[in-house]
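Just below is one structure, and these are the notes that go with it.
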Amino acid sequence: MIPEANEPMPVARGMSDGGIAPAAKIWFAIEGDKGNAETGAIGMRALSSILTLASGRRAKWLVLLFWVVVAALVAPFASKLTAVEKNDAASFLPGSAESTKVNELLQQFPAGQTVSAVVVYYRESGLTPADSAKATADREAFIAAKLPRALPPTPVTPAQDGKGILYIVPFQSGPESDQLANAVKGLRKITGEGDNGLNIKVTGQAGFVVDSIGIFSNINTRLLLTTVLIVTVLLLLTYRSPFLWLFPLISVGLVSQVTQGVVYGAAKNGIITVNGQSTGILTVLIFGAGTDYALLLIARYREELRRHEDRHEAMAFALRQGGPAILASGATVTISLLCLLVAELNSTRGLGPVSAIGIVLTLAAMLTLLPALLVIVGRGVFWPFIPRFGSPPQEESGLWAHVGAWIARRPRTVWIGTTVALAIMALGLFTLNTNLSQNDSFRGSVDSVAGQKLLAKSFPSGSSAPAIVIVQPAANVDAARNAIANSPDVAAVTPVDRAGDYGRFSVTLKADPASGDAFDAIDQLRAQVRTAAGPGARVGGTSAVNLDVKRASLHDRKIILPLVLFIVLVILGLLLRAIIAPILLMLTVIVSLAASLGVSALVFDHLYHFGGEDASLPLFAFIFLVALGIDYNIFLMARVREESEHLGTRRGMLKGLAVTGGVITSAGVVLAATFAVLATLPLVALTEIGFVVAFGVLLDTLIVRSILVPALTLDVGARMWWPSALANAERDRHTADAEERVRVG
């Protein structure tokens, strides 16, 4: 049993102004004529009714029943989410990409679109007759096995140096990724890994795809368990209660399963594209953001329990006063994520709605399910530190009150010094290299990468993933082939294959298919075949896909970054009813983002020794750090705005920092810790996202929100709220005070 404090009957206290807190007024108070004022009052009351739903004596049970029913109906589908993931690079591209069009045109040929595995046998001292015999026997055994989607392999081909031998096994491409995985696993089981100096590896596009699928299939469970453990420990340390930590965790865990069930349904019906990266990010985003919202709500609830005798009334006030800031935060993150819908890359575009669904459902649960659970169990859930009615608040005299007093002595010196330090950290941006290759995308050793390295010792590196040229009309295909046959980038060209009005052939490049040299070679091939065969000549294949993915990432970055900045700026303006404050807050977040990326680039290069940064990293870092980073400014400045209406900007800033500093810091640490889980995973791209976001959130929480923003606000003063009435009212009050001092003196 949870210890329960005595609770008298409800006492209506502080219910002036219709029970609407100043924080709600930030959303709906409209300066102007009487009609607008009345509209604002109606809006405030509507918001109040929605926010306080879960605090009702009967409604709390209905809210709980609703979530139990939803979880029972939807959560069972969460375990099926992995089955609808698409983790091959080709599925990331839009239909307008040239490599995508090549994949579509391959359906005109008998074999259709294929994905190939390359089996490599290598002995440093030179292959023996027994080695060659094993390769031949393995090939025959593979044919006899009749694995799903397998096509006849190419003949066994020895290398000129006598150290290597290979054959290529094409598989029909299709949506059944588990069939491809089983086929490649069967091939690896047949060949083994070699012994006594003979190395055998399965690489090629099929090898890379299956290795990625294998990693992602193990990520979700590991990620969930690690995240739950970290959140549990941090909640226990934050609340120091054997009971309280359970309720945020239960709420977040339930909404995580519901969200994954909803996302599965959307992906299954082709509404969105889901990959292992987006589902991994979804898990940490729900746990991180959900725990943040829970911390903020519980902190305000505990504050109100000291002011109100009845817990239902205390929760109602906590939701009225803290809810609008949480809603603003959730809206900012959701709308920022939905900006990804304008991306060209399917993987990026899919991450937007996937994560937005997670945030919306998390927001709903934290403002309904969690409050309902808390009022059901009573204030004793805080035991042994139960907030008694009438007990004095502790936040206003704690650590953050002293930090605020220190900043207030020399605010201009503080914000200038902090900005210079962040600018120095941002210098690392000059080392940012977004050319991470496929070979460098795994942490640790995988067969596909090891096989590519073996292949490159004896064969042209491009042998594992030839480029594909398709020409229409077929009459022009020989001209295209002749134009590139003697190109310095080309190692070999296959004979022409015709089907109706289409002709095709494959090109083996000398360069590693995942390298920048291969990308340059693809550009050259595209130019050469178009010159020779006209606009109906197209170049695709693995290197072309990777090149098109990189270019689409650059395009998405140019479009989405300014769009998100504009939207977040508008939301801040509406929330704070000001122009100066939103602009300054956005500038602080941008400086924080630059510093985070700069430090991260140095860490990836000198500590992790990665081969570069993933092309999607700057965009994802921007989305999460701007959207999530601005959250803490929203939580702080909404409270400062509320307090400034009564105390003035200076005292309002100091009190706002004092009462929110602890909980916002706890929220930032939790969010950083959950994203840091990604940094432990065996994929470089997820490690980079996890590190950047975790470091950036900590930087934003401990430096930007705690020092830079308060210092700027104290230096700028009431002008922060320009052109709202608050700026004018405070200026008028200061003028009146000065005149009174002169008159009395």
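The values are calculated or read from the model by the stated rules, or taken from the named source; none is laboratory data. In this text the structure is predicted, and so the values were computed from the model without any measurement. All Cβ positions, even for glycine, are placed from backbone atoms using ideal geometry, and neighbour counts span all protein chains on display. Only protein heavy atoms, including side chains, enter the accessible area calculation; ligands, DNA and RNA are left aside. Shrake-Rupley method; radii C 1.70, N 1.55, O 1.52, S 1.80 Å.
Would you confirm whether or not region 187-197 contains a residue that is closer than 30 Å to residue 382 by Cβ and assigned to a loop (DSSP other than H, G, I, E, B)? No; the residues of region 187-197 include none that is closer than 30 Å to residue 382 by Cβ and assigned to a loop (DSSP other than H, G, I, E, B). Considering the conditions (1) crowded, with 18+ Cβ neighbours inside 10 Å; (2) of a type in the set (A, V, I, L, M, F, W, C); (3) not in a helix (DSSP H, G or I), residue 111 is excluded by exactly one of them, (1).
Selection of region 390-407 for residues being crowded, with 18+ Cβ neighbours inside 10 Å and farther than 30 Å from residue 311 by Cβ yields 404, 407.
Considering region 404-420, the residues that are in a helix (DSSP H, G or I) and free of Cβ contacts under 8 Å to residues at least 40 places away in the same chain include one that is nearest to residue 656 (Cα to Cα), namely 406. Of the listed requirements (1) assigned to a helix (DSSP H, G or I); (2) buried (at least 22 other Cβ atoms within 10 Å of the Cβ); (3) modelled with pLDDT of 85 or more; (4) of a type in the set (A, V, I, L, M, F, W, C), residue 202 misses just one: (1). Residues that are assigned to a helix (DSSP H, G or I), in contact with a strand residue (DSSP E or B) (Cβ under 6 Å, 6 or more places away or on another chain) and crowded, with 20+ Cβ neighbours inside 10 Å within region 461-483 comprise 462, 463, 464, 477, 480, 481, listed in sequence order.
Region 627-745 holds helices (runs of 4 or more DSSP H) entirely within its bounds, and those carrying 1 or more residues that are modelled with pLDDT of 85 or more map to 649-676, 684-699, 709-716. Checking region 421-434 against the condition returns no match, with no residue being closer than 19 Å to residue 541 by Cβ and open to solvent by 20 Å² or more (accessible area, probe 1.4 Å). If you go through region 565-584 and keep only what is in contact with a Gly (Cβ under 8 Å, 6 or more places away or on another chain) and free of Cβ contacts under 8 Å to residues at least 40 places away in the same chain, you end up with just 582.
When the residues of region 117-176 are filtered to those that are modelled with pLDDT of 90 or more, assigned to a loop (DSSP other than H, G, I, E, B) and among the acidic types (Asp, Glu), the one that is most open to solvent (accessible area, probe 1.4 Å) is 124. Residues in region 486-523 that are under 20 Å from residue 457 (Cβ atoms), among the aliphatic types (A, V, I, L, M) and buried (at least 22 other Cβ atoms within 10 Å of the Cβ): 509, 514, 518.
How many of the residues making up region 331-363 are among the small types (Gly, Ala, Ser), touching a residue at least 40 places away in the same chain (Cβ under 8 Å) and either under 17 Å from residue 318 (Cα atoms) or part of a helix (DSSP H, G or I) (or both)?
Summing the residues that are among the small types (Gly, Ala, Ser), touching a residue at least 40 places away in the same chain (Cβ under 8 Å) and either under 17 Å from residue 318 (Cα atoms) or part of a helix (DSSP H, G or I) (or both) in region 331-363 gives 6.
Only residues that are open to solvent by 10 Å² or more (accessible area, probe 1.4 Å), touching a residue at least 60 places away in the same chain (Cβ under 8 Å) and outside any helix (DSSP H, G or I) were counted in region 585-612, giving 3.
All told, residue 258 meets the bar of being touching a residue at least 12 places away in the same chain (Cβ under 8 Å) and either of a type in the set (A, V, I, L, M) or open to solvent by 50 Å² or more (accessible area, probe 1.4 Å) (or both).
When the residues of region 524-543 are filtered to those that are at negative phi and not in a helix (DSSP H, G or I), the one that is most open to solvent (accessible area, probe 1.4 Å) is 535. Among the residues in region 614-622, are any more than 17 Å from the chain's Cα centre (by Cα) and not small (Gly, Ala, Ser)? Checking region 614-622: not a single residue is more than 17 Å from the chain's Cα centre (by Cα) and not small (Gly, Ala, Ser). Scanning region 102-139 for residues that are within 20 Å of residue 201 (Cα to Cα), among the aliphatic types (A, V, I, L, M) and within 35 Å of the chain's Cα centre (by Cα) yields a count of 3.
Yes or no, residue by residue, for (1) open to solvent by 30 Å² or more (accessible area, probe 1.4 Å); (2) more than 27 Å from residue 390 (Cα to Cα); (3) modelled with pLDDT under 85; (4) small (Gly, Ala, Ser):
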| residue | (1), (2), (3), (4) |
| --- | --- |
| 215 | no, yes, yes, no |
| 218 | yes, yes, yes, no |
| 242 | yes, no, no, no |
| 266 | no, yes, no, yes |
| 275 | no, yes, yes, no |
| 280 | no, yes, yes, yes |
| 288 | no, yes, yes, yes |
| 297 | no, no, no, no |
| 304 | no, no, no, no |
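Right, residue 78: of a type in the set (A, V, I, L, M, F, W, C) and at pLDDT 90 or above or not? It is false that residue 78 is of a type in the set (A, V, I, L, M, F, W, C) and at pLDDT 90 or above. For region 331-362, taking the residues that are of a type in the set (Ser, Thr, Tyr) and more than 18 Å from residue 93 (Cβ to Cβ), the one that is surrounded by the fewest Cβ atoms within 10 Å (Cβ to Cβ) is identified as 334. Taken as a whole, the condition of being over 26 Å from residue 206 (Cβ atoms), part of a helix (DSSP H, G or I) and not polar (S, T, N, Q) does not apply to residue 450.
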